[in-house]
Amino acid sequence: MIRMTKILFYLVLITLKFSVFANEEKSKKLVTEAWEAWQQNNQELVEQKFLSAIHENPHNIRAHVGLSFLYTLQQKDVDAWYAFRRIMDDSTSTIYPYLYAEWITAKIQGNVDKPELGIEQLYLDLSKKADSGGVLSAMANEMLGEYYLDRAEYEKSAAAFTRLQTIDDWTVCGPFDNISASGFANEFPPELEYKSDAAYEGKNGVLATWSEIPELRRDRWVDFRRYFAFRESVFYANTFIYSPKKQTAQLRVGTSGSLKTFLNDQLVIEYFDENNNDLDTYIVETTLQKGWNRVLVKCGFSEITRCNFMLRITDASGKPVEGLKTSIEAKKYKKNPGAHFQNIENFAEVFFKNKIKENPTHLENYLLLADSYLRNDKAIEAELVLRDALKLAPENTMVLSHVLEAYMRGEKYDEISTTIEKLYAIDKRIPNVLDFKISQAIENEEWDKAENLIADLDMVLPSSELVFNHQIQLYSKKSQINEMMAAAEEAMEKYPDNWSFTYFNAAISIQKNRSYETAISLIENFLKKRNIEVAYRTLADFYLRASQVEKWEEISQKLLIRTTAAPGEHYNMANIYESMQRYDKALESVNKAIRICPNSSQYWEKQGDIYRLKLADAEAKTAFRNALKYLPTNYEARDKLRELEGKKNVFHHFGERDINNWIDSAPEAADYNGAAAIIILDDNRRVVYEKGASESAHELLVRVFTKSGIDDYKEYQIPNNRFSEKLVVETATVIKNDGSKIKADVSGNFIVFKSLEENDFIYIKWRVRNYYSGRLSNHFWDEFYFNRFHPITHIRYSLLVPDGFEFQHRTQNMPDEPRETKTVDGTLYTWSLSNEASIGYEYGMPILRDVGKMLFITSIPDWQYLVDWYLDLARTKTRSSYEIQETVQQLFQNKKNISEEEKIRIIYDYITENIRYSSIPFRQSGLIPQKARDVLVTKIGDCKDVSTLYIAMLKEAGIKANHVLVNTRDEGLNRNALPTIAFNHCIAGVETEKGLKYLDLTAYNYPVGTVPEMDVDSFSLLIKKGKTEPEHLDAQKFLPKKVTRKSKVTLKEDNSVIISVDVVRSGSITASLRRAYREKNQEEREKSMAATLARDFPNVKLTKLVVGDIEQLSPEVSYSYTFEVPNYINEAGQFKFLQIPWSDKLETDRGLAYDKRNYSYYFWPWADHFIQEIELKLPEGFAPVDLPKKVKLSSNIADFELSFEFENGTIRAQRKLIHKKGIIEPDEYIEFKKFYNDVVAEDNKQILLKKN
């Protein structure tokens, strides 16, 4: 609401001849008092003080700026503008830095539609005269262009944009791969040469060629997204600039995306971060050579959705350099002339930095500098300057609101929540805080809370657009339709220029009246006021739905006038014309789309569809081929092309199968005595196309015989990579004996078979299409099992590849002898087996991947290729950031002469203790790690994310480290694996003075030098340049797992015992102790220990438990405990039978129950070394009848020693068990079984005691 008293107050100030006797000192004091009052959150007093300061000295800029900030916080944008504009009416002030800082705020841009406020005139004035560098003049022309464009004043708009004097003549080239921002550092061919007729291998194998830009956006930005139909890509734009003489000039670039700018092949501008910013954001002063100069702009995007740039070449005042000419034709130029270049810092940033330096206690300068940063997405720079402001005023709500904005730009979500709660605790009237809390309450369905908060907001901003937005949203969520409609109607009446309110009322009218008449009228009236694209698009849609085709065409043409270089609009029209069977118009529209964006597979496919409908088969074929040229994974276009070529479905090469015949001839349970189920058919057919696109078809028919078989197959999961494959389940049914079918429940790749009974069949048929991208897009890989734990009647893997397509194949435990068949579509390779017996299960056997009959296939040439590929993906994610630098600095603070080993440990401890493991699909991608900075800020990540953070932090500490891709031990030894990306874990390999050290950053509670058990003997690939082969991470690479115990046992007359044990654990087994006790109090620890002891000692009583320092992640942990056990000793007459209480004695092992084993036994002891010394104090007068003899057993697997001594009423015993390996091969089994059973016998021997 405009408060007229304040407006009139400012109007008076603008025209008033101020007294020369203005009290400047009093005014300054009042400003200081205003900021002090703000620290106390007394907004009424803040306003009063600023107004009084202005009254005392109307030239006091600080008072006007401070008051403007207060009204901005309160979202009183008109008042904020009147306060701010006073600066411009003061001839003694330097206004331009202030305008730059606040240019995109609501006080200026939010008021542009209020003619009485004079924003348009401000733009006009600034377009003629502004800052000495001309930045604001250009920005004013840009805003005028947008302002007139929104009013359909196209000539004025074009004139304003023309005054920008942008470089508009370009050829563009792309796409090049930029997955994970990897393309920024890669030197693609356009950086090395300009050949207008050259064709390079681009992203996904697509040919990247140079082409002239056919149209520009009205605002003169070169928008790569309009010319290229590819995401996560790098693009180039090239032009030649003629200079009549050698002269100094400034290259000024604004961009969305990462940026490199080259002048005569010399890199002059480089910015990695993908920001959305304004024109002239990056300015470099350099030298244009006499004659022709090559200018190359490289722009990339992978995280944001935009990719564009604007280049202006000016003198130091921002005016165009005279005599320049442009050409897209290749010209001779002087390469790498070694010209000097200097980055020109933004004038407003320089100004406010100096202001802060001059007056470090003036808070408004911190806020203005932060706004200067934030308008160009410089979130970190803004945050840092605001930190200094918080030191001066930690409770100031305006500073905290700016901090909140910086956190939002930096995506620091935890800090956002914390700051909002702090602001709300200080002041419950701040509109943007109420806005957030209302949205949160509605999202959490806390309706009463949301209503109360909306009421609070309405008290602060009565009947504001924000209030109406929340009311409408709340009523909609609560299904209060009448209230929602009433609120929407009132909102539109009050704010007719608000598009959301207009559209909402239009949509309501359609539902209410079952007619488009009112909706059309509402949108038409809106367009009279605001000429925006979305309104045209909506109106055209409404006309079409209302069957007013001529009106649809008319509005669509107006939309095309409003938005230029818009291939998507032409494509949409082509779709509509096609549906109307107006094929000539459809073809005309899609051709316009292709002219602007000639590399869109979607547009070419649409052209092919139209030609096919026109019965122009030859043209349709060409169009579909072009669709496949730009996107080999456009399977729909591929199917259409085959149909036009008169070819059958490509899968006909594999032969047809009648599933009913397989069911009719299915074996009975009696044919496979004891089998729980039988796999009747397992058929996998895969087709690989040129450029690596591939699709597969699968059929599985199983018959279950027993309840165990039902349990095995009642649920089925189809292997599927959700990140790069599309799964279509065509059929999933239970087939009964009588032929009836029951459809299974399918969700994604999970299938549940209902009503499955003995002797029923399950049948699944599915297809998978891959959509790999980047360097892997031209490749495929696969693994296939040819036997299972159920018998198989017939199993087949077939592969159709184009002739000349190179790939590797290898089998395991079966012949690698595929049948080769030549077809018109390539060579068909077939591996098949029949009547395969089930694999006999043995406890502790290797997984099927290691012992089954398997086929491995890949077109990836070698492991080095994978290393290089992942280096590209991960390299940019380990870039440092201010947050990383700050954290490392804090970790090493006050620590002098830190060794390499200590640095490794300190950073490892920090990550494992503070970054929580999480693997959630919407947060993490399957392959690409998050940026190290993001992991640090959010304090959450999966294995590759925390490894990335560790690598980045170590780099900051001067230590090199690399990712290590891992297949954990439970995924098998992978001895026959070919190069694929089938890894399930990621750790870090640190380059130390003593060699490579492997660390798992998800290993909470594990000390440096140790890893979880599944990492030991895992299959790994070190991602380091030059690494050519994977390796297994054997146990020797980590600290040994040792447990040492010293026990004292007192045997009492009543046959009870008191046992005290001192234990030292070392290596990875310290983690289990921390896991058991670290987060428990003493009482909980004692309960846990007592429960553990009770498993071996009935009626045990724990009397003492002392756990050493388990907070520190040291490789060695000690603890001790004492307990009493009643009736521990058995007696018979004068004899007592003593069982030595060995803590780690061996128990009967079910894996050793076989006479022989066909497969290895994965024994995996929980520690490598077990050493225990026991002192047993006998009751008075008792002695052993005969001490056991010393035992020493040895095998290839382990060594065992046992010894006893008796002296002075005390038996001293020592036991050592040293494990040498954890996998027992079949030929070692008999020997180890004997060894193990002998140790069990020794561990369980009793000593006979007799009283003398």
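Using only alpha carbon positions, build the gyration tensor of the range 1132-1231, then give the equivalent ellipsoid semi-axes as the square roots of 5 times its eigenvalues, largest first, whole angstrom. If you can, show how the numbers build up before the last one.
Numbers: eigenvalues 233, 43, 25 Å².
Taking √(5λ) for each Cα gyration eigenvalue gives 34, 15, 11 Å.
Express the C-alpha Rg of the range 653-859 as a ratio against the empirical globular expectation 2.2 N^0.38 Å, rounded to two decimals.
1.05
Which pairs in the list Lys1145/Lys1234; Lys128/Lys245; Lys691/Lys1027 are over 19 Å apart, alpha-carbon to alpha-carbon?
Lys128/Lys245; Lys691/Lys1027
Based on DSSP H runs of at least 4 residues, each adding -39500 (n - 2.57), what is the mean residue ellipticity at 222 nm of the chain after dividing by all its residues, to the nearest 500 deg cm²/dmol?
Working: 39 runs with 459 residues, N = 1252.
Mean residue ellipticity, 222 nm, calculated: -11500 deg cm²/dmol.
Given all pairs of different Cα atoms, what value in angstroms does the Kirkwood hydrodynamic radius of the range 174-230 take?
12.7
Any idea how far apart Glu1201 and Gln109 come out in nm if each label point goes 7 Å out from Cα toward Cβ?
7.8
Among the aspartates and glutamates, select those whose C-alpha is under 17 Å from the C-alpha of Lys29, and discard any that sit fewer than 8 residues away in the same chain.
Within the straight-line limit of under 17 Å, Lys29 reaches these aspartates and glutamates: Glu47, Glu56, Glu364.
May I ask what percent, to the nearest 5, of DSSP beta bridges between residues of the chain are antiparallel?
90
Rounded to the nearest Å, what's the spacing between the alpha carbon centres of the range 641-673 and the range 685-761? Just the number, please.
About 15 Å separates the Cα centre of the range 641-673 from the one of the range 685-761.
So if we plug the beta-carbon distance of Lys1025 and Asn525 into 1/(1 + (r/R0)^6) with R0 = 56 Å, what FRET efficiency do we get, rounded to 0.05? Working shown, then result.
Working: r = 64 Å, r/R0 = 1.14.
Approximately 0.30, to the nearest 0.05.
Which shape class, rounded, prolate or oblate, goes with the range 864-1037 when its Cα gyration tensor gives a ≥ b ≥ c as root eigenvalues, a/c under 1.5 marks rounded, and past that a/b bigger than b/c marks prolate? Intermediate values should be presented prior to the final figure.
Numbers: a/c = 1.62, a/b = 1.39, b/c = 1.17.
Note, shape of the range 864-1037 comes out prolate.
How would you order 48-56, 940-948 from highest to lowest mean count of nearby Cβ atoms within 10 Å? Write out the running numbers ahead of the final one.
Working: 48-56: 21.2, 940-948: 26.8.
My ranking of the peptides, most packed first, is 940-948, 48-56.
Explain nothing, just the number: dipole magnitude of the range 528-598 about its Cα centre with +1 on each Lys and Arg Cβ and -1 on each Asp and Glu Cβ, in debye rounded to the nearest 20.
360
Quick one: which residues, 5+ away or cross-chain, put their amide H under 5 Å from the amide H of Ile344? H built at 1.01 Å from N.
Excluding prolines and chain starts, which carry no amide H, the hits are Ile283, Val284, Glu285.
Would you pull out the residues with amide H under 5 Å of Gly202's amide H, same chain only if 5 or more places away, H placed 1.01 Å from N?
Leu207, Ala208
Over the chain, calculate the relative contact order: mean separation of alpha carbon pairs under 8 Å at least 6 apart, over the residue count, as a percent. Intermediate results must be reported in sequence, preceding the final value.
Numbers: 2389 pairs, mean separation 69.2, N = 1252.
Relative contact order here is 6 percent.
Can you return the aspartates and glutamates within cross-link range of Lys1104? Criterion is Cα-Cα under 14 Å, with same-chain partners fewer than 8 residues away left out.
In chain and number order, the partners are Asp1062, Glu1083, Glu1084, Glu1086, Glu1124.
Dividing the Cα radius of gyration by the Kirkwood radius, what Rg/Rh value follows for the range 123-216?
Rg/Rh: 1.16.
Show me 621-627, 831-837 ranked by packing, highest mean number of other Cβ atoms within 10 Å first.
Averaged packing, sorted descending, gives the order 621-627, 831-837.
Could you give each residue of the range 652-657 its phi-based ³J(HN,Hα) in whole Hz, using Karplus coefficients 6.51, -1.76, 1.60 with θ = phi - 60°, and x for Gly or Pro?
5, 4, 8, x, 9, 10
To the nearest 20 debye, what is the magnitude of the charge dipole of the chain about its Cα centre, counting +1 on the Cβ of each Lys and Arg and -1 on the Cβ of each Asp and Glu?
That gives a dipole near 1620 debye.
Return the lysines within reach of Lys754: Cα separation strictly under 16 angstrom, same-chain partners fewer than 8 residues apart disregarded; answer none if there are no such residues.
Result set, ordered by chain and number: Lys707, Lys714, Lys736, Lys741, Lys743.
How many angstrom lie between the C-alpha centres of the range 852-890 and the range 511-563?
Between the Cα centres of the range 852-890 and the range 511-563 lies a distance of 50 Å.
Can you list residues whose amide H is under 5 Å from His790's amide H, if they're 5+ apart or on another chain and H is modeled 1.01 Å from N?
Ile839
Could you tell me the center-to-center distance, by alpha carbons, between the range 1043-1082 and the range 185-250 in angstrom?
First find each Cα centre; the distance between them is then 70 Å.
Under the Karplus relation 6.51 cos²θ - 1.76 cosθ + 1.60, θ = phi - 60°, what is the ordered set of whole-Hz ³J(HN,Hα) values for the range 160-166, x standing for Gly and Pro?
5, 5, 5, 5, 5, 6, 7
Quick check for me: using +1 on Lys/Arg Cβ and -1 on Asp/Glu Cβ, what's the dipole size of the range 864-1037 about its Cα centre, in debye to the nearest 20?
The calculation lands at about 500 debye.
Could you go through the range 261-268 in sequence order and give the Karplus-derived ³J(HN,Hα) for each residue, using 6.51 cos²θ - 1.76 cosθ + 1.60 with θ = phi - 60°, rounded to whole Hz, and x for Gly and Pro?
10, 10, 10, 6, 6, 9, 6, 10
With 20 Å bins from zero, work out the P(r) of the chain over every alpha carbon pair and list the percent per bin.
8, 27, 34, 21, 8, 1, 0
Which pairs, out of Lys378/Lys896; Lys391/Lys437; Lys449/Lys528, put more than 29 Å between their alpha-carbon atoms?
From Lys378/Lys896; Lys391/Lys437; Lys449/Lys528, over 29 Å: Lys378/Lys896; Lys449/Lys528.
List the pairs from Lys28/Lys357; Lys260/Lys997; Lys606/Lys648 whose alpha-carbon separation is above 27 Å, in the order I gave them.
Going by Cα-Cα distance, Lys260/Lys997 fall outside the 27 Å limit.
List Phe750, Phe228 from most exposed to least, where exposure is judged by having the fewest other Cβ atoms within 10 Å.
The fewest-first ordering by Cβ neighbours comes to Phe750, Phe228.
Just need log10 I(q)/I(0) for the range 474-608 at q = 0.14 Å⁻¹, Debye formula, equal scatterers on the alpha-carbon atoms, no solvent, rounded to two decimals.
-0.72
None of the figures in this text is laboratory data; all of them are computed from the coordinates on show. Not measured: the values here are computed from a predicted model. Note: ideal-geometry Cβ built from the backbone for every residue, glycine included; neighbour counts use all protein chains shown.
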